[in-house]
Each structure stands twice: as C-alpha cells, then as structure tokens.
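The values are calculated or read from the model by the stated rules, or taken from the named source; none is laboratory data. All values reported here derive from a predicted model rather than from experimental measurement. Backbone-built Cβ (ideal geometry, glycine too); neighbour counts: all protein chains shown.
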Amino acid sequence: MSLKTHSPQQNIHRIHLSNGITLLIVENQAADLVAGRFFFNHAGSIMENRERAGISNLVASVITKGTRNLSALEIAEQVESIGASLGADAGTDYFLFSFKAVSRDFAPILKLLAEIIRFPSFPAEEVELERKLTLQNIRSQKEQPFNVAFDALRHNIYGEHPYGVSVLGTEDAVGQLDRATLQEYHQTYLRPDNLTISISGRINKEETVRLVEEVFGDWQISSTKIDLDLPLAINTEPSEALIQQETQQSIIMLGYLGAAVNSPDYPVLKLLSTYLGNGLSSRLFVELREKRGLAYDVSAFFPTRLEPAFFVTYMGTAPENTEIAIALLQEEIERLTQISLSESELQGAKNKLLGQYALGKQTNSEIAQIYGWYESLGLGIDFDRQFQEAIAKVTAQQAKSVANKYLVNPYIAVVKPS
C-alpha cells in the first residue's frame, strides 16, 4: 500500500494510506501503554434526518456485539483476557471506536478492532435488546427536568437541523430501526476513505504503519456515496419555552447560537464560556450562588461543533425565584456586551482555560482523542497549537465585540413545577 507522510512535530506523524485512511501516530514512551481513537468523519448524528434520528447511537451500541467470526461473548473474552478496553460511541459530528492496552497487546487489540469495524454481524437479538434499552433511556430523560429543558432549548434553536435532537434519537425513529437499516449505515459511513486513526503510546512509526496496513490494507472504498446534502436550516428567531413538570426546582436555560469550530470567533466564545460558568470561581457561580444565594447549580458551556454550536447558560433555583433568576442570568450575559473585562478577569479566564486544556492532554487516550478529533473535523493537528495561541491573544475589546455579535436575544427554556 502506498502512503504519504507529514510530520509537523517531531513525535507526531501524519500519514495518508492509499485507500483513504488518515493515520496519526504519536510516539509517547512515558508509559507502557497504547491508546487509539478511530474517527469516522462524516458520521454521527449530524448525518441523520428525523426519520433515522438515533441510528448512529444504535449502531455504536450493537456493533461490538458480534462479527462474522466472533460472538459478543468471544469479543468480551478476548478484550478481558489481556486487560484491555474497547468500545464504540456516536457523537454529534463523528462515529468513534476506541481502545487501550499495554504495548505488547497492541497487535491483537488492533486486529480485533479491525474485525469489529469491517465485519460486524449485527445479531438480530442484540439489535432488539439495544433498541429497547435506547427507548427506555429516551423515556427516562423525559422525566429529568434538566434534560427536558435542554431538549426544548436545543429544538428551539436548531429546528429541523440534526443538532436539534439528542444523539439518542426520538422514540418514533428508534422504534423503526432494524438490522437491515444498521447494516446499510455501516456500509455507507464506516469506510476507509472516511476514517482517521489516531494512536498514541509506546510505539514506533514503522511498526505501527505495518500493523495498520496488515489489518486495513485490503479494505476497499465503498461505491456507496455519502450524502452531504443535509437539512441545515437553523431557527433565527429566539423563542421561549415554558414547561410545567413535577419537580422540586426550576431549571432555567438561556441559549444563543454561536460559532462553528473553524470560525475565528470560536476561541473567544470558549473563553467567555469559561469566564462565565467554569468552576467555583466563575462569574455566574460567585454572583448568583455565593453572593445572592439564588442558584442550586449554575454554569455555562459552549461545545465544539462542526456546524454553529449553541452557547448555553443554565441555573437550578427555587421555584419562587424563577423570574428573578431569569432576569439576573440574562443581566450577567448582557454585561459582557456592555463592559470590557478587566485585565485580571481576562487573564484569569485564559489561565483557567489553558490550564484545563493542558491537563486534558496527559494520557495516551487524551492525546489520541484530541489529535484525531481535530483531524476528523478538518482542522488538522496544528489546530492544537493554533487554538492555544488564539486564546492567549484575545483582547478585552475582542471579547466584548464577540459577545455583542452572539450573546444577545436569548432562546429561553424553563422547566418549573406545575
């Protein structure tokens, strides 16, 4: 198999195999371990229309339960016999396999994972079992006030866009999924030209390339085309949702449509999210919980997404404080559009964000995850450096400008006692 190689950093190798696989190899000799992440790029819930919402998650639940040669029990026994871990997961923007093992077991765990990825059998009884468990999970979430508010906010912001639904899918859609549908999904999306393999650990480049070629080298590109014509319309008019439910507290969520990961505004929104709601020293925690005693829980988050992500602030409060809590939560966000953060506020948020970012790249699993993820999003592994540099350069004026661009006219979702 022919390949092209590029090494932007001394211990990180980026290799393109002739069947379309992108292989990232990180030589990290610190521990006698190897971890891998296998990202299928154009997959995950972003590729699902409403009729198939939840199919990626169901495939991930079933795909490790049997192959053409192995039963679910035999797969589990092989993994446990060497003390390794292996799994599959469906995200919003990708479909993922992962493994971790000691270095001497790298070859057998890679071969087992290749068998699962390439030749799953989707046993009918396993499909039915996982489908029922998924339906139970969807129904269970409807009884949890936080999830109810989050689902309403997500739907109001995204409408028919795939981001408007949980990766679990909907009851109606999951109820219609069957073995044939899962097999079709596998043939369409789990293919070599759609795959980024990221491996980190006590390995060397030459041996890793040889092993990957051995198990994936004869894998041919599917003739099935991936349909990228998605329903990407997003609601532009902010709305409010009030849901009454049996609950001991009110859940308040304010959401704003933010930026995609490839936007120059993305690092700034990450920084604002950290300043507002990350940890016990965050602005929302100090002002609304510590000083005013309004919040049982208060925070903010801004996920990393291929398409524009939502910027969310939320609070749990006593029902009688619902109205004042909404007003004060919105007031704290509007403050970012009206004043410039002080140098100490800005630097404190940068230190926290960059410190947590560095701590999230210590293990082989974390290293394989972050480089594979960036590559699968089309950003390249240099984004790791570019993101940190962008955070360090954010100015108070830039933060205020981005806040005025995105953090106005919120979508609101409230769950409170009936």
**Report entry** Count - residues of region 28-70 that are out of contact with any Lys or Arg (no Cβ under 7 Å at 6 or more places or on another chain), modelled with pLDDT of 95 or more and closer than 20 Å to Ile12 by Cβ
**Finding:** 4
Query raised in the report: Has region 262-277 got at least one residue that is in contact with a Ser or Thr (Cβ under 9 Å, 6 or more places away or on another chain), over 30 Å from Lys405 (Cβ atoms), surrounded by 12 or more Cβ atoms within 10 Å (Cβ to Cβ) and in the same structural domain as Gly380 (by TED's automatic domain parsing)?
Result: no
Report task. Could you tell me whether any residue of region 295-315 is crowded, with 20+ Cβ neighbours inside 10 Å, assigned to a helix (DSSP H, G or I) and either outside the structural domain of Ala259 (by TED's automatic domain parsing) or not charged (D, E, K, R) (or both)? Result -> no
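Conditions tested, residue by residue: (1) free of Cβ contacts under 8 Å to residues at least 12 places away in the same chain; (2) assigned to a helix (DSSP H, G or I); (3) farther than 18 Å from Ala107 by Cα.
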site	(1), (2), (3)
Arg37	no, no, no
Ile46	no, yes, yes
Ser56	no, yes, yes
Gln78	no, yes, no
